[in-house]
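K.L.:
Got a structure for you, written out below as structure tokens; questions coming shortly.
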Amino acid sequence: MESFDGLLQREIIHDELEKKQQTLLELFKADVKQVNQSFQEGRVLIEKEDENAPIPPNMPPIAGAISWTNGLMERIQDPMVRL
């Protein structure tokens with residue numbers, strides 16, 4: 001929303017964005033739920049030291065877990081990032 005700050009001074013664009021705001025929030029909410037589900041599933045696999053855990057094979061367990069969770073956070077912070 002902040003990236004549209006300069007454009008929001010135009011009334012027509014402001015009105016259209018307000019109409020879409022609920023849709024944008026719903027999409028963001030769905031994405032957060034998906035990231036949460038991925039986190040919960042991955043956490044269980046990591047705790048079990050399962051070979052299917054979402055840790056890169058060339059990384060130590062702790063560093064891999066940190067890298068993986070950073071990727072999940074980036075996905076929430078930047079919706080254009082997809083895992």
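The values are calculated or read from the model by the stated rules, or taken from the named source; none is laboratory data. All figures in this text were calculated on a predicted structure; none of them were measured in a lab. For neighbour counting, all protein chains shown are included, and Cβ atoms are generated from backbone atoms with ideal geometry for every residue, glycine included.
K.L.:
What number of residues in segment 24-58 are assigned to a loop (DSSP other than H, G, I, E, B) and among the acidic types (Asp, Glu)?
P.N.:
Matching residues across segment 24-58 total 3.
K.L.:
So which residues in segment 23-44 are in contact with a helix residue (DSSP H, G or I) (Cβ under 8 Å, 6 or more places away or on another chain) and aromatic (Phe, Trp, Tyr)?
P.N.:
Within segment 23-44, just 39 meets the criteria.
K.L.:
So, residue 53, is that one farther than 13 Å from residue 69 by Cα and of a type outside the set (S, T, N, Q) or not?
P.N.:
Working: farther than 13 Å from residue 69 by Cα: no; of a type outside the set (S, T, N, Q): yes.
The answer is no for residue 53.
K.L.:
Another question, if that's okay. State the number of residues belonging to segment 10-62 that are more than 19 Å from the chain's Cα centre (by Cα) and of a type in the set (D, E, K, R).
P.N.:
Selection size over segment 10-62: 12.
K.L.:
So residue 38 ticks every box in (1) closer than 21 Å to residue 78 by Cβ; (2) at pLDDT below 90 but one. Which box is left unticked?
P.N.:
Condition not satisfied by residue 38: (2).
K.L.:
Across segment 59-75, what is the number of residues that are outside any helix (DSSP H, G or I) and out of contact with any Ser or Thr (no Cβ under 9 Å at 6 or more places or on another chain)?
P.N.:
Step one: of segment 59-75, the residues outside any helix (DSSP H, G or I) are 59-60.
Subsequent filtering for residues that are out of contact with any Ser or Thr (no Cβ under 9 Å at 6 or more places or on another chain) retains 60.
Count: 1.
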